[in-house]
Structure formats: C-alpha cells, structure tokens
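The values are calculated or read from the model by the stated rules, or taken from the named source; none is laboratory data. Everything quoted here is computed from the prediction, not taken from an experiment. So basically every Cβ, Gly included, is an ideal-geometry build from the backbone, and we count neighbours across all protein chains shown. Accessible surface areas use protein heavy atoms only, side chains included; no ligands, DNA or RNA. Shrake-Rupley method; radii C 1.70, N 1.55, O 1.52, S 1.80 Å.
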Amino acid sequence: MKTGDRGPETGNMEMSLDALIHPAAAQPMAPRQFLVQNVRRETPDTFTLTLARPNPEEGLIFAPGQFNMLYAFGVGEAPISISGDPDRPHLLVHTIREVGNVTRALCHQKPGRAIGVRGPFGAFWPVAEAQGNDVLVVAGGLGLAPLRPAIYYLLSRRAAYGSVEIIYGARTPQDLLYRRELERWRGRFDLRVHVTVDAAPSDWKTNVGVVTALLPRARLDPFHTVAFLCGPGVMMRFTVRELLNLGLKEDRIFVSLERHMKCGLGMCGHCQLGPVFVCKDGPVFRYDRVKDWLDRREV
Amino acid sequence: MEDLEALLAAHPFFQGLAPRFLRLIAPCAARVTFNAGQFLCHENEEAKQFFVIHHGRVAVEIYRHRGGPVTIQTLGDGDVLGWLGFLKPYHWHLDARAMELTRAVGLDVLCLLEKCQQDHELGYELLKRYAHYLAVQFRVTKLQIMDMYGK
Ligand SMILES: Cc1cc2nc3c(=O)[nH]c(=O)nc-3n(C[C@H](O)[C@H](O)[C@H](O)COP(=O)(O)OP(=O)(O)OC[C@H]3O[C@@H](n4cnc5c(N)ncnc54)[C@H](O)[C@@H]3O)c2cc1C
Ligand code: FES
C-alpha cells in the first residue's frame with residue numbers, strides 16, 4: 001500500500017489462502033483436541049491459557065486478529081481471540097475473562113487437560129498491507145488480547161513500519177493485561193507505549209484518564225497512519241470519533257467486533273450485524289464498512 | 001516578558017490567541033518549576049494561580065481520609081490546571097502533585113480576571129477556550145465514571 005492512499009482492506013481468507021492453512025476447511029464443525037500446557041492469571045478474573053497439540057509438531061497457523069471456538073468438554077463452546085505470537089504457531093495462546101459457564105470452565109482448566117479447538121476463523125488485522133505506514137494500536141481492557149498478535153507481528157518486522165504507538169486503557173492497574181510485556185515494550189526505543197487507567201493509587205507512575213484523552217498525545221500523521229482498535233463498544237465509538245477529529249480517514253481505521261456466535265462459519269446467522277456476519281466477514285472490519293451498523297441500537 | 005508570550009502562544013490552550021492579548025496577559029505570568037513529589041496545589045488552599053503545563057506530568061489527586069490519596073487524572077504537556085480557580089470562591093478542590101520534573105507558566109488568577117474585566121474581547125477569547133476545555137473535561141469524566149472497560 002502506498003502511503004497516503006486509501007486504507008488497506010482487512011485480511012481475508014480468500015485473499016490469503018496461500019499464506020494460511022485453514023484447518024477448519026476440511027471438517028469445520030469438528031473440534032481438534034489441544035492440551036493445556038500452562039494457565040496464567042492475568043487479573044482477578046482473566047487467565048491466559050497456553051495450549052499445544054498432543055503431537056508438538058502440529059501447530060495452528062493463524063493471522064493476527066483471528067479467533068477460535070474453544071470447547072470446554074461437557075460445558076460448551078465460546079469464540080475466543082488468539083492472543084499469541086503468529087510466528088510461534090506450535091503454541092496456541094488465548095486470554096479469557098470469566099463471565100459465564102463456558103469461560104469459567106475454560107479459565108479453571110489445569111495443565112494436561114484437553115480442550116476442543118475449532119478454527120482459526122475470521123478476517124484479520126491488515127498488518128501486511130499496513131507496511132510503510134505508521135501504526136496506532138488502541139486497546140481497552142480485554143481488547144489488548146486480540147491486538148497482541150498484531151503487535152508481535154509489527155515488532156518482529158519493525159523496520160517495515162514507520163512509527164508504532166500503543167495506547168492501552170483499563171479500569172485500574174490491577175485490570176491491566178500482560179504487565180511484564182507492557183514494561184518491556186515501554187523500554188523499547190522504537191515503540192511508544194501509553195498506558196492509562198481510570199483511577200489509581202498515588203504510587204502509580206503513569207497516566208490516569210480515559211484512552212481518548214491520550215489520543216492527542218500520539219504523534220499522528222493522519223495521512224500515513226493506520227489505526228487498529230479493540231475494546232468495549234463505547235470505547236471504540238469514542239476513540240473513532242476522536243481519531244476522525246484528528247484527521248484520520250474512516251478507511252484507515254479498523255475495529256474488532258464481538259457478537260454472540262454459534263457456528264463461527266457464517267452458517268447459523270447468530271452473529272449477523274446488518275449485512276455482515278461477524279464470524280466470517282469480521283471480527284476485524286474496516287470502520288467505513290460497518291459504521292452504519294455500529295451505533296444502531298436495534299441490531 | 002517576550003519569552004513568556006512565546007511560551008504561552010505555543011501552548012494548545014492559547015493557540016490562535018492574538019499577539020495583543022498575549023501581551024496583555026504576559027504581566028500576569030511567571031515561569032514555575034516543580035520537582036517530582038512537589039505539590040502544585042493543595043485542596044482548600046486559595047487558588048492563586050492557573051497553571052499552563054509545558055513539560056512534565058502531574059497527578060490530580062483526591063485525598064480519602066481512610067484510603068489515602070487516589071489519582072483521578074494525570075496532566076502533561078499541553079494541559080492546564082486550575083480553571084475552576086476562575087470561579088468564586090477561589091479555592092482548590094483537589095491536590096496536584098508533580099510526578100516528575102514539571103515546568104509550567106503560572107498565571108495569577110486575580111491579575112487575569114482584572115485584564116478580562118478591562119478588555120472584554122480578551123475575556124471572551126479566554127471564555128471560549130475555558131468553555132471548550134470544560135466540554136472536553138465533561139466528556140472524558142463521563143466516560144471515566146461509566147466504567148467503560150467493564151464486562
Ligand atoms: C470474535 C470474538 C472474540 C472474542 N474474544 C474473546 C477473548 O479473547 N477473550 C474473552 O474472554 N472473551 C472473548 N470473547 C467473548 C466470549 O466469547 C464471551 O465472553 C463468551 O462467549 C461468554 O460465554 P459464557 O458461556 O462464559 O458466558 P454466557 O453465560 O454465555 O454469558 C455471560 C455474559 O456475557 C455476555 N456475553 C456472552 N457472549 C458475549 C459476546 N460475544 N459479547 C458480549 N457479551 C457477551 C452474555 O450476554 C452474559 O451477560 C470474544 C467474542 C467474540 C465474538
Ligand atoms: S456464528 Fe454462525 S453465522 Fe456467525
């Protein structure tokens with residue numbers, strides 16, 4: 001993509017078949033068994049699970065922003081974004097917040113136990129297409145999880161991008177994901193990382209305030225910046241508004257959306273948002289493609 | 001005085017303010033520096049200055065008698081502190097502590113109000129900026145209290 005051009009498209013399976021093996025293609029409804037290798041507590045209610053195939057040679061090639069349907073046997077299935085490194089496909093990493101039956105069962109797995117995995121599914125962050133541009137990553141709360149693979153991708157090909165900036169907001173310091181990694185990223189000279197929380201004790205050393213308040217601080221060249229956003233709907237709505245105020249065009253903004261899902265394959269209609277299916281056409285969308293449907297209360 | 005005018009002109013709050021207005025308010029201004037840990041103001045103290053922050057980071061805190069201080073906002077380059085000082089009674093309702101070396105221009109509130117009284121055009125220009133700042137503060141505060149990242 002030439003700088004100053006229209007924004008890139010989201011990565012799409014049909015477009016990039018040669019780059020990806022799509023294990024779901026053969027038997028898309030049949031989960032494959034993965035073993036839990038490690039469970040790490042990120043926050044009081046959020047855990048990162050590292051999974052591997054019983055045969056360590058087999059991995060799961062995915063693109064940043066894609067998700068899997070994770071099956072807690074005997075309980076049910078839930079769509080969960082992949083939060084690991086796309087260059088290390090032998091380890092499948094997911095960060096999960098306990099909100100109901102399935103996520104609770106997934107979070108309380110022990111090493112050695114089996115989990116069913118269908119996927120990877122969905123369109124992804126256009127990280128390859130964004131080369132030559134500055135990249136702004138804005139995450140809120142759990143939204144850092146689907147963005148982390150994109151950050152890994154950008155950092156391992158750092159020379160291919162202009163400035164890379166991450167803005168991450170959470171409710172309190174205890175709610176921040178990947179704290180050690182954030183510290184490491186902040187120490188890099190080729191990356192700007194702003195972390196902010198809504199309230200903090202007085203020994204907190206960095207920002208307090210909402211993510212949108214930090215956007216004017218980003219070194220943003222609107223004609224050469226591509227923005228990736230993921231977080232709760234309200235946060236994304238206000239972030240988009242602020243980015244548009246700062247001069248970014250709608251086709252340079254990408255958002256990751258969530259809807260209830262069942263099949264993950266574009267067959268059941270559970271995840272429909274206006275004319276699109278979030279599981280198949282998303283979850284990553286270019287903002288101008290979904291903007292008319294985002295704020296509608298009745299869909 | 002001229003360097004103070006230039007400093008103010010470079011700050012987002014005063015962006016676009018005509019040079020004649022900057023000349024008018026410069027006598028109310030003084031450079032101030034706060035080391036990490038030093039307080040810019042304390043709750044209930046008389047609010048004598050309006051701070052135009054050029055460099056650094058400031059924690060705006062509320063002290064809870066049982067829980068100690070809690071930071072509710074941080075300010076940095078390009079922010080201002082003390083806009084409520086323009087409303088009577090001129091008292092701080094928060095603590096503000098420099099988190100790192102912070103450089104600002106302190107504007108004497110009474111002096112500034114007097115200038116606005118003398119020149120209503122200046123008053124209107126400052127009022128527009130004040131209203132804009134207030135609107136932004138309202139917006140971010142609403143988002144902050146709604147627990148935007150909740151489940
Ligand atoms: C593409 C995609 C990627 C996702 N990635 C992650 C991830 O990386 N980590 C993670 O923890 N969660 C993620 N989720 C959300 C996760 O799928 C839901 O939290 C999960 O399905 C809830 O299932 P449950 O049985 O535990 O809870 P349920 O009992 O089904 O629901 C508990 C509560 O959560 C609400 N809820 C359920 N599903 C959703 C949803 N999709 N969006 C909003 N609210 C919902 C319900 O209305 C209910 O209030 C993702 C969802 C999608 C669509
Ligand atoms: S989940 Fe079935 S169509 Fe999207």
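Quick check on the stretch A:190-240: of everything there that is in a loop (DSSP other than H, G, I, E, B) and among the basic types (K, R), which residue is farthest from A:R180 (Cα to Cα)?
A:R219
Anything in the stretch B:21-77 that is open to solvent by 70 Å² or more (accessible area, probe 1.4 Å), of a type in the set (S, T, Y) and within 11 Å of chain A (Cβ to nearest Cβ)? List them, or say none.
Of everything in the stretch B:21-77, just one residue is open to solvent by 70 Å² or more (accessible area, probe 1.4 Å), of a type in the set (S, T, Y) and within 11 Å of chain A (Cβ to nearest Cβ), namely B:Y63.
Tell me which residues, restricted to the stretch A:248-278, are in contact with a His (Cβ under 8 Å, 6 or more places away or on another chain), within 6 Å of ligand 2 (Cβ to nearest atom) and of a type outside the set (K, R).
Listed by number, the residues that qualify are A:M261, A:C263, A:H270, A:C271.
Every residue in the stretch B:129-141 that is surrounded by 12 or more Cβ atoms within 10 Å (Cβ to Cβ) and more than 9 Å from every other protein chain (Cβ to nearest Cβ), please.
B:R129, B:Y130, B:Y133, B:L134, B:Q137 - these are the residues of the stretch B:129-141 that are surrounded by 12 or more Cβ atoms within 10 Å (Cβ to Cβ) and more than 9 Å from every other protein chain (Cβ to nearest Cβ).
Just name the residue that is nearest to ligand 2 (Cβ to nearest atom) out of those in the stretch A:103-113 that are of a type in the set (A, V, I, L, M, F, W, C) and more than 14 Å from chain B (Cβ to nearest Cβ).
Ranking the qualifying residues of the stretch A:103-113, first place goes to A:L106.
Would you confirm, using the coordinates I've provided, whether A:H260 is part of a strand (DSSP E or B) and surrounded by fewer than 21 Cβ atoms within 10 Å (Cβ to Cβ)?
no
Only one of A:G143, A:G116, A:G122 is away from chain B (no Cβ under 14 Å), within 11 Å of ligand 1 (Cβ to nearest atom) and not aliphatic (A, V, I, L, M). Can you tell me which?
A:G122
Looking only at the stretch A:48-88, filter to residues that are touching a Leu at 6+ places or on another chain (Cβ under 7 Å) and open to solvent by 40 Å² or more (accessible area, probe 1.4 Å); which one of those is modelled with the lowest pLDDT?
Top of the filtered list is A:P54.
Of everything in the stretch A:270-290, what is open to solvent by less than 70 Å² (accessible area, probe 1.4 Å) and either touching a Ser or Thr at 6+ places or on another chain (Cβ under 9 Å) or away from ligand 1 (no atom under 14 Å from the Cβ) (or both)? Give them in sequence order.
Passing the criteria: A:G274, A:D281, A:G282, A:P283, A:V284, A:F285, A:R286, A:Y287, A:D288.
Output the residue which, of all residues in the stretch B:78-93 that are within 12 Å of the chain's Cα centre (by Cα) and part of a loop (DSSP other than H, G, I, E, B), is nearest to the other protein chains (Cβ to nearest Cβ).
B:G78
Go through the stretch A:172-201 and give me each residue that's at pLDDT below 90 and either open to solvent by less than 10 Å² (accessible area, probe 1.4 Å) or touching a Gly at 6+ places or on another chain (Cβ under 7 Å) (or both).
Answer for the stretch A:172-201, where residues must be at pLDDT below 90 and either open to solvent by less than 10 Å² (accessible area, probe 1.4 Å) or touching a Gly at 6+ places or on another chain (Cβ under 7 Å) (or both): just A:A200.
With the structure loaded, tell me whether A:N245 is free of Cβ contacts under 8 Å to residues at least 40 places away in the same chain, in contact with a His (Cβ under 7 Å, 6 or more places away or on another chain), within 14 Å of chain B (Cβ to nearest Cβ) and more than 16 Å from ligand 2 (Cβ to nearest atom) or whether it fails that test.
So A:N245 fails the test.
Is it true that some residue in the stretch A:215-228 is within 16 Å of ligand 1 (Cβ to nearest atom) and away from chain B (no Cβ under 14 Å)?
yes
Considering every residue within the stretch A:154-167, establish whether at least one is among the acidic types (D, E) and farther than 24 Å from A:T225 by Cα.
No, because not a single residue in the stretch A:154-167 is among the acidic types (D, E) and farther than 24 Å from A:T225 by Cα.
Does A:V193 satisfy the criteria of being under 20 Å from B:A59 (Cα atoms) and either away from chain B (no Cβ under 14 Å) or within 16 Å of ligand 1 (Cβ to nearest atom) (or both)?
yes
In the stretch A:31-44, how many residues are open to solvent by less than 40 Å² (accessible area, probe 1.4 Å) and either within 22 Å of A:M261 (Cα to Cα) or of a type outside the set (D, E) (or both)?
Residues that pass the stated criteria total 3.
In the stretch A:89-102, what residues are open to solvent by less than 60 Å² (accessible area, probe 1.4 Å) and near ligand 1 (Cβ under 9 Å from one of its atoms)?
Answer for the stretch A:89-102, where residues must be open to solvent by less than 60 Å² (accessible area, probe 1.4 Å) and near ligand 1 (Cβ under 9 Å from one of its atoms): A:H94, A:T95, A:I96, A:R97, A:E98, A:G100, A:V102.
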